[in-house]
Number of protein chains: 2
Amino acid sequence: MKKSIFDNRSKGISTEKSDAAIRMSVTPWEVEGDINYDKLIEEFGTRPLDSHLFYRLKDPMPPPVKRGMCFSHRDLDKWLDAYDNGEKVTVLSGRGPSEKMHIGHLTLYAIPKYFQDVYKCTAYIPVSDDEKFYVKENLEIEDVEMFANDNILDILAMGFDPNKTIVHKDFEHTKIYKYAAQVAKKITYSTAKAVFGLKAENNIGWVFYPAMQATHILYPQFIEGPHLTLVPIGIDQDPFIRATRDIAEKFGFQKPATIHKKLAPGLEGPKMSSSGKNAIWLSDDEDTVANKVHKYAFSGGQPSIKEHREKGGNPDIDVSFLYLKYFFEEDDNKLEQIDRDYRDGSLLSGELKEYFIEKVNNYLKEHRRRREIVEKNIDKYMLRD
Amino acid sequence: MKKSIFDNRSKGISTEKSDAAIRMSVTPWEVEGDINYDKLIEEFGTRPLDSHLFYRLKDPMPPPVKRGMCFSHRDLDKWLDAYDNGEKVTVLSGRGPSEKMHIGHLTLYAIPKYFQDVYKCTAYIPVSDDEKFYVKENLEIEDVEMFANDNILDILAMGFDPNKTIVHKDFEHTKIYKYAAQVAKKITYSTAKAVFGLKAENNIGWVFYPAMQATHILYPQFIEGPHLTLVPIGIDQDPFIRATRDIAEKFGFQKPATIHKKLAPGLEGPKMSSSGKNAIWLSDDEDTVANKVHKYAFSGGQPSIKEHREKGGNPDIDVSFLYLKYFFEEDDNKLEQIDRDYRDGSLLSGELKEYFIEKVNNYLKEHRRRREIVEKNIDKYMLRD
């Protein structure tokens, strides 16, 4: 195992709260005080991904896993125990297809891909075309289908195993309705209203959707029988997981485990959400990527080269650096060197951006190559009726 | 055309409100003042099935159609116009399978069968297994499936044309979910709550079901394009038709037409609903039918034979007579004779019951024979995924 400040494990973390979580608390959106992850753990009643658990995770880990983007969990320890005991385990990450995908989205799907790769388990990718159709007023069913098919290719192009990956769309694999009905019968309107914040003016498809979402999460167990499923998600989604864990018991299923991921930074930093209009889309060509990074990528550098050389930059709030850290730079030593050089001023903001652009464009080139292969073999992944 | 008091047409009805409707107002449940059909027409804003429209209906008509059980409608005239103009028309009656079927249920399905037979149109029979599963707390999914398959055979055994009949179950033909989602997006929770009387403690499947029901009614148009569908139903179901008519326009569909049927009498008369526990089930054997009629069938006869011979009986509140009138006795002359003989006391209550028992048992024997044939050819009727 490499010794690097960017591999948390090499640092001999021994406190209950990992250094990773502490280190991670300085990010563009947290600088603004928007999100306090420690407080979220307390508030949601989840458990921090502590050093003990972190050390149990098998190598090789991709950047979002090894560099502290995963900070909290429910029953990940039980999931690992089940794996160690030779029991069946699965991993699951859904997708709501309301738009094309950008690089911020990749950080999530790297997590189920990691668990599939290293723990050799089946990955489920339920695509909630119905949810996005219900919730987005102006989204027509044809739009949702187009985004669904497009998003599926992007997710699978990350390298999911065609023999161990099951993708299904609610408007295509409609057999799921029969299972969703069984789940729906166990959720009252009051409960759905409280958990999902439903309003009287919401349409009744929207009201029904919580049943479909819970069914997605329980689907590996509906299909393969009771076992532990790990669900990597943003912590803001945890209330739905918690509701689903309650429902699981009513079917004699195991409560799904989860691992919580922090939000991916927006291209423009603190003020932008991860779905900001200036995101780098996976379909962006090389020049577009370069232009967007030059023009919009939030920088932790100083206003002038002179000042930067003197004072150094701050990688902790620099979006180019953060994306290298959380996704594009696999090499711990290289990342450590960039961190050091940026902080001491020897690496300029423009130079960092150029390196970032090169990494992104190389990734996207390879991504598109893999996407074409996936497209030819799409039937291997899809669960249709 | 036969001249008979039991064929409304032969009576030269010319008033806006048909004699049939007036005659029909003396029935066991109306004697008790439970239901005033004229008031319902006013309340629901539907139109009476007046003599003008009644005369347009093609022969041969089965008892429930020709003897005034159908008393109200929406756009039946437009449906007949469309037929006359050579346009496509369809007929549709659904079924919620929460129990086995009894003879009271037959009076409804005789109506779509009539329209299919005489107007040579496709009949749709959507089976809402999901609805009954959502609404009946103790009904398991296996129960609903069992009742659904059983009910479908009973309905089809009435003689629906295998080449012109489409039956689908929501838990089997789940492709309908994609259409129901499009309908659901156009129904707010507030609206569904108002029309269906939803409560906060109802499950979210129940909340979603209005979308499925509207989709059932619009399904012929989803599948075959815009045209007029006639939906024979109990008038208590009219608010759902009205809601669906509003939705139809949003899809560029035609507003479904409807013909409203009165409630079928319960075996025990005024105090029993049509699903009373002493109903005559289609699966009852000959002795059971005889026993039930002797023991429970509400009689319009007098307490003693002597009194009956003197004062005569009242066929208008006699359940055996009413079932002959509305379903089992095709022959107008025979029914007229029974009516006369019962009123003048020459036909005793026991004799009327014997005749009724014979008619029911003959019907059920033939019904079972047809049911077996249907069972062998069930794939011809079913729309599966």
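The values are calculated or read from the model by the stated rules, or taken from the named source; none is laboratory data. Keep in mind that this is a model prediction, so the values were computed, not measured. Every residue, glycine as well, gets a Cβ built from its backbone with ideal geometry; the counts of neighbours run over all protein chains shown. Note: accessible area is taken over every heavy atom of the protein model, side chains too, but ligands, DNA and RNA are not part of it. Shrake-Rupley method; radii C 1.70, N 1.55, O 1.52, S 1.80 Å.
Using DSSP loop states and a limit of at most 16 other Cβ atoms within 10 Å to flag GluC sites (Glu not before Pro), what is the longest stretch of chain A containing no flagged site? That would be A:202-329.
Computed on the range A:286-385, with alpha-carbon pairs under 8 angstrom and 6+ residues apart, the relative contact order is 29 percent.
Karplus-based coupling profile of the range A:237-250, in residue order and whole Hz: 8, 4, x, 6, 5, 4, 4, 5, 4, 5, 5, 3, 4, 5, with θ = phi - 60° in 6.51 cos²θ - 1.76 cosθ + 1.60 and x standing for Gly or Pro.
How large is the translational diffusion coefficient of the protein assembly as shown in µm² per second when you combine the Kirkwood radius over alpha carbon pairs with Stokes-Einstein at 20 °C and 1.002 mPa s? Rounded to a whole number, D works out at 71 µm²/s. Rounded to the nearest 20 debye, the dipole size of the protein assembly as shown about its Cα centre is 160 debye, using +1 on the Cβ of Lys and Arg and -1 on the Cβ of Asp and Glu. Placing a label point 7 Å from the Cα of residue A:55 along the Cα-to-Cβ direction, the distances to the matching points in the other copies come to 9.7 nm, shortest first. Return the whole-Å distance between the Cα centroid of the range B:118-133 and the Cα centroid of the range A:88-108. Cα centres, the range B:118-133 to the range A:88-108: 40 Å. Taken per residue, the accessible surface of the range A:272-370 reaches 47 Å², heavy atoms only and a 1.4 Å probe. For the peptide B:137-144, the mean number of other protein chain Cβ atoms found within 10 angstrom of a residue's Cβ is 1. Qualifying trypsin sites (Lys or Arg not before Pro) in the range B:225-329, where qualification requires a DSSP coil assignment and no more than 11 other C-beta atoms within 10 Å, comprise B:277.
Averaged over A:185-198, how many beta carbons belonging to a partner chain fall within 10 Å of each residue's beta carbon? Don't skip to the end; give the middle numbers.
On the way: counts 13, 3, 4, 8, 11, 5, 4, 4, 3, 0, 0, 1, 0, 3.
Mean shielding count: 4.
Rounded to a whole number, what % of the accessible area of the range A:346-385 do carbon and sulfur atoms account for, probe 1.4 Å? Don't skip to the answer; put the middle values down first.
Details: 1140 of 2330 Å².
Summing carbon and sulfur atoms, their accessible area is 49 percent of the total for the range A:346-385.
For residue B:197, the point set 7 Å out from Cα toward Cβ sits 3.4 nm from its twins in the other copies, listed from shortest up. Residue by residue through B:164-171, how many Cβ atoms from other chains fall within 10 Å of the Cβ on average? Counting other chains' Cβ atoms within 10 Å and averaging over B:164-171 gives 1.
Given +1 at the Cβ of Lys and Arg, -1 at the Cβ of Asp and Glu and no other charges, the dipole of the range A:2-266 around its Cα centre is 840 debye to the nearest 20.
To two decimal places, what compactness ratio does the range B:122-235 give when its Cα radius of gyration is scaled by 2.2 N^0.38 Å?
Taking N as the residue count of the range B:122-235, the ratio is 1.11.
Over the range B:272-370, the hull volume per residue, using the convex hull of the C-alpha atoms, is 95 Å³.
The same position residue A:295 in the other copies lies at 8.5 nm from this copy, comparing label points 7 Å beyond Cα toward the beta-carbon, shortest first. Each principal axis of the Cα cloud of chain A was evaluated for its coordinate range; sorted largest first, these ranges are 66, 46, 42 Å. Close amide H contacts of residue B:227 (hydrogens built in the peptide plane, cut-off under 5 Å, sequence separation of 5 or more or a different chain): B:254. Loop-resident trypsin sites (Lys or Arg not before Pro) (DSSP state other than H, G, I, E or B) in the range A:97-188 with no more than 12 further Cβ atoms inside 10 Å of their Cβ: A:120.
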